[in-house]
Amino acid sequence: MKARPVKGLDPALPLSEAAARIVAVRLDELYSFVPAALEEANSRAQHDMRIAAKRLRYVLEVTGSLFGSYAPTATRHARELQDLLGEIHDCDVMVPRILRHLAQLRACDAQALREGAPGDYPPPALLSGVPNRNLYRGLELLAVHFQARRGVTFDRFRARWAALETEDMRGSLERALRPRHQVRAA
């Protein structure tokens, strides 16, 4: 996912103003994946949201001291989202890898049966001698484990997002980005 450009950056800007613009764009970028990322099957939106959370987290880690007491909280929230979405992504990567490996083992065993068949069809008794037969169940269970882990982690992500919405993370961070004189006048 390509990062959104930050408009209006100029080397002459005060650091706090330039950083506030960057954080605001990264925050908008994060929120742009909702509601799509809250759909369990939408792994692409979840992956892109993870990248957006990472970008927001990193800019806050570097510039957060410019934005008052809420910045460390926002940084922690971005890290939590990044971690949960990263774990979901790990599962999304692992299940297809396991299933591809399982398919390769099955193909290897089918070829071994084909080559060992004495006649037109391989007799079922030959199945006990295929080289990978003991690996199937373990790999299938590993795939099931990662599918369940993804589901549990997705539920945690959705619950965490709901809590951040209740806590008004976006509004709190946007208020923290305002110049100090605007905050006092409000």
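Any residue at all in the range 107-117 that's surrounded by 13 or more Cβ atoms within 10 Å (Cβ to Cβ), touching a helix residue (DSSP H, G or I) at 6+ places or on another chain (Cβ under 9 Å), in contact (Cβ under 8 Å) with a residue 60 or more places away in the chain and not charged (D, E, K, R)?
Checked against the condition, which is being surrounded by 13 or more Cβ atoms within 10 Å (Cβ to Cβ), touching a helix residue (DSSP H, G or I) at 6+ places or on another chain (Cβ under 9 Å), in contact (Cβ under 8 Å) with a residue 60 or more places away in the chain and not charged (D, E, K, R), the range 107-117 yields no hits at all.
Taking the range 131-153 only, how many residues are closer than 26 Å to Ala110 by Cα and either touching a residue at least 40 places away in the same chain (Cβ under 8 Å) or not in a helix (DSSP H, G or I) (or both)?
8
If Ser43 meets every condition in (1) open to solvent by 40 Å² or more (accessible area, probe 1.4 Å); (2) of a type in the set (S, T, N, Q); (3) without any contact (Cβ under 8 Å) to a residue 40 or more places away in the chain apart from one, which number is that one?
Only one criterion in (1) open to solvent by 40 Å² or more (accessible area, probe 1.4 Å); (2) of a type in the set (S, T, N, Q); (3) without any contact (Cβ under 8 Å) to a residue 40 or more places away in the chain is unmet by Ser43, namely (3).
If you check Val130, Val95, Val183, which single one turns out to be at negative phi, modelled with pLDDT of 90 or more and among the hydrophobic types (A, V, I, L, M, F, W, C)?
It is Val95.
Does Asp10 satisfy the criteria of being assigned to a helix (DSSP H, G or I) and either surrounded by fewer than 19 Cβ atoms within 10 Å (Cβ to Cβ) or over 17 Å from the mean Cα position of the chain (by Cα) (or both)? So that I can check it myself, show each step before the final result.
On the way: assigned to a helix (DSSP H, G or I): no; either surrounded by fewer than 19 Cβ atoms within 10 Å (Cβ to Cβ) or over 17 Å from the mean Cα position of the chain (by Cα) (or both): yes.
Spelling it out, it is not the case that Asp10 is assigned to a helix (DSSP H, G or I) and either surrounded by fewer than 19 Cβ atoms within 10 Å (Cβ to Cβ) or over 17 Å from the mean Cα position of the chain (by Cα) (or both).
Since Glu40 meets every condition but one in (1) closer than 19 Å to Ala148 by Cα; (2) assigned to a helix (DSSP H, G or I), which condition does it not meet?
Answer for Glu40: the failing condition is (2).
If you scan the range 14-23, which residues turn out to be of a type in the set (A, V, I, L, M) and open to solvent by 40 Å² or more (accessible area, probe 1.4 Å)? Step through it out loud before you land on a result.
Looking only at the range 14-23, we keep the residues that are of a type in the set (A, V, I, L, M), and these are 15, 18-20, 22-23.
Result: Leu15, Ile22.
With (1) closer than 27 Å to Ala148 by Cβ; (2) open to solvent by 20 Å² or more (accessible area, probe 1.4 Å); (3) touching a residue at least 60 places away in the same chain (Cβ under 8 Å) as the list, and His77 as the residue in question, which single condition is left unmet?
Result: His77 passes all but (2).
Would you point out the residue of the range 51-61, among those that are touching a residue at least 12 places away in the same chain (Cβ under 8 Å) and open to solvent by 40 Å² or more (accessible area, probe 1.4 Å), that is nearest to Arg137 (Cα to Cα)? Steps first, please.
Of all residues in the range 51-61, those touching a residue at least 12 places away in the same chain (Cβ under 8 Å) come to 51-57, 59-61.
Then drop every residue that is not open to solvent by 40 Å² or more (accessible area, probe 1.4 Å), which leaves 54-55, 57, 61.
Details: Lys54: 37, Arg55: 40, Arg57: 41, Glu61: 45 Å.
So, considering only residues that are touching a residue at least 12 places away in the same chain (Cβ under 8 Å) and open to solvent by 40 Å² or more (accessible area, probe 1.4 Å), the one nearest to Arg137 (Cα to Cα) is Lys54.
So that you can scan it fast, the table gives a plain yes or no per residue for (1) open to solvent by less than 70 Å² (accessible area, probe 1.4 Å); (2) farther than 30 Å from Thr75 by Cα; (3) of a type in the set (Val, Ile, Thr):
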| position | (1), (2), (3) |
| --- | --- |
| Asp90 | no, no, no |
| Gln104 | no, yes, no |
| Gly119 | yes, yes, no |
| Pro122 | yes, yes, no |
| Phe146 | yes, no, no |
| Ser172 | yes, no, no |
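For the range 67-74, check the following and say yes or no: at least one residue is closer than 30 Å to Leu177 by Cα, buried (at least 17 other Cβ atoms within 10 Å of the Cβ) and in contact with a Phe, Trp or Tyr (Cβ under 9 Å, 6 or more places away or on another chain).
Taking every residue of the range 67-74 in turn, at least one turns out to be closer than 30 Å to Leu177 by Cα, buried (at least 17 other Cβ atoms within 10 Å of the Cβ) and in contact with a Phe, Trp or Tyr (Cβ under 9 Å, 6 or more places away or on another chain).
The values are calculated or read from the model by the stated rules, or taken from the named source; none is laboratory data. The structure presented is a predicted model; accordingly, all values stated were derived computationally and were not measured. Using ideal geometry, Cβ is built from the backbone for each residue, glycine included, and neighbour counts are taken over all protein chains shown. Ligands, DNA and RNA are excluded from the accessible area calculation, which covers all protein heavy atoms including side chains. Shrake-Rupley method; radii C 1.70, N 1.55, O 1.52, S 1.80 Å.
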